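Please treat every number below as a calculation from the coordinates, not as lab data. This is a predicted model, so every value here is computed, not measured. Virtual Cβ from ideal backbone geometry, glycine too; neighbours counted across all protein chains shown.
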Amino acid sequence: MHVLIINGSPRVQKYSNTDKIISALKEGMEQYDPGITTELYSISDRKQWDDAREAFVRNDEILIALPLFVECIPGLLLEFLSTLPPKDGHTRMSFVLQSGFAEASQLRCGEKYLKTLPGRLGCIYKGTLIKGDNFSIRLVPDDMKKKITAPYVQMGKVYAEHKGFDCEEARKFAGPEYFNAPMRLILRSIFATFGRIMFRKTARSWGCDKPLNYRPYPASR
Ligand SMILES: Cc1cc2nc3c(=O)[nH]c(=O)nc-3n(C[C@H](O)[C@H](O)[C@H](O)COP(=O)(O)O)c2cc1C
């Protein structure tokens, strides 16, 4: 099996969490069947669009991995998708929709859209792997990156076995739809204390020399 993988994040490949998730998925696919090959294009690099479009036409096994941006599909990916020619109904198309916040419920709107997309492009829908809680991937050292993305290795195997994510194992991977009340309280206190310190530290390491609540302009009336 040869899989065309498209990274739909607008973030450059080096810093893209989706890219690290894709690497783990590929590892899982290769563990399941060393004969599986892949080719990867990143939408963040417009210079790859022509090759990605040509690969879309040529391939029958397509996996698009994307981050949730403002509760929805990144605009840059939509722009790319709008340039694709429709196919003839034999191509399998699956998705990975991943996000920063952890509850699966907030990804359901994007999932609904992705369910409609293969039909519009003359492809067959083969499921969407949904998972939140991925904010930190690009911020942590390499060994921790490996730990965080390890569950995606297993999902790579699931993808290879089912030729997509239309199966119970993939559906379960989404985790809780909503956190229960005690968990919400715990998270609120973590964000108000430890989280705040970490956000400040990260901002400083990126060269930010103003407080995170800095408001240089007066609020408009
Ligand atoms: C502009 C922007 C909007 C985002 N909107 C959401 C959102 O609505 N919900 C969410 O859970 N995460 C949101 N995130 C977080 C990303 O989905 C998350 O960090 C993801 O892992 C980024 O993947 P990438 O590095 O491949 O782009 C947003 C991130 C950015 C930069």
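Between Tyr159, Tyr15, Tyr32, the residue with the greatest mean-square fluctuation in the GNM of the chain (Cα pairs under 10 Å linked by springs) is Tyr15.
Taking a ≥ b ≥ c as the square roots of the Cα gyration tensor eigenvalues, with a/c under 1.5 meaning rounded and otherwise prolate when a/b beats b/c, else oblate, which class fits region 2-172? Cα axes put region 2-172 in the rounded bin.
Around the amide H of Val96, modelled in the peptide plane, lie the amide H atoms of Ile64, Ala65, Leu66, Leu129, all under 5 Å away and 5 or more residues distant in sequence or on another chain. When only alpha carbons are used to place a centre, region 143-175 and region 114-132 end up 17 Å from one another.
Per-residue ellipticity at 222 nm, computed for the chain from helices alone with -39500 (n - 2.57) per DSSP H run of at least four residues, works out to -13000 deg cm²/dmol. What translational diffusion coefficient, to the nearest whole µm²/s, does region 76-187 have by Stokes-Einstein, given a Kirkwood radius computed over alpha-carbon pairs, a temperature of 25 °C and 0.890 mPa s viscosity? After rounding, the answer is 157 µm²/s. Cα centroids of region 1-54 and region 185-221: how far apart, whole angstrom? Each part's Cα centre sits 33 Å from the other's. For the chain, what is the percent of antiparallel DSSP beta bridges, rounded to the nearest 5? DSSP beta bridges in the chain are roughly 5 percent antiparallel. For region 21-77, the Kirkwood hydrodynamic radius from C-alpha pairs, put into Stokes-Einstein at 25 °C and a viscosity of 0.890 mPa s, yields a diffusion coefficient of 188 µm² per second.
Look at the alpha carbon pairs under 8 Å that are at least 6 residues apart: their mean separation over the length of the chain gives a relative contact order of 21 percent. In a reduced charge model with +1 at each Lys and Arg Cβ and -1 at each Asp and Glu Cβ, the chain shows a dipole moment near 1180 debye about its Cα centre. When the charge dipole of region 2-172 is built from unit charges on Cβ atoms (+1 for Lys and Arg, -1 for Asp and Glu) and taken about the Cα centre, the candidate among Ala102, Ala65, Ile130 whose Cα reaches farthest toward its positive end is Ala102. With each label point set 7 Å from Cα along the Cα-Cβ vector, what nm distance links Ala203 and Ser189? With each label point 7 Å from Cα toward Cβ, the separation is 2.5 nm.
Take the Cα atoms of region 98-144, build their convex hull, and give its volume per residue in Å³. Walk me through the numbers before you get to the answer.
Numbers: hull volume 4.3 nm³, N = 47.
Output value, Cα hull per residue: 93 Å³.
Packing order of peptides 126-133, 192-199, 203-210, 45-52, highest average first: 126-133, 45-52, 192-199, 203-210 (average count of other Cβ atoms within 10 Å over each peptide's residues). In this simple spin-label approximation, Asp142 and Arg46 carry label points 7 Å from Cα along the Cα→Cβ vector, and these lie 3.3 nm apart.
Selection among Phe165, Asn180, Pro34 by position relative to the dipole of the chain gives Asn180 as farthest towards the positive end (Cβ unit charges, Cα centre). Computed extension gain for Phe135 through Tyr113, at 0.36 nm per residue and net of the alpha carbon distance, reaches 5.7 nm.
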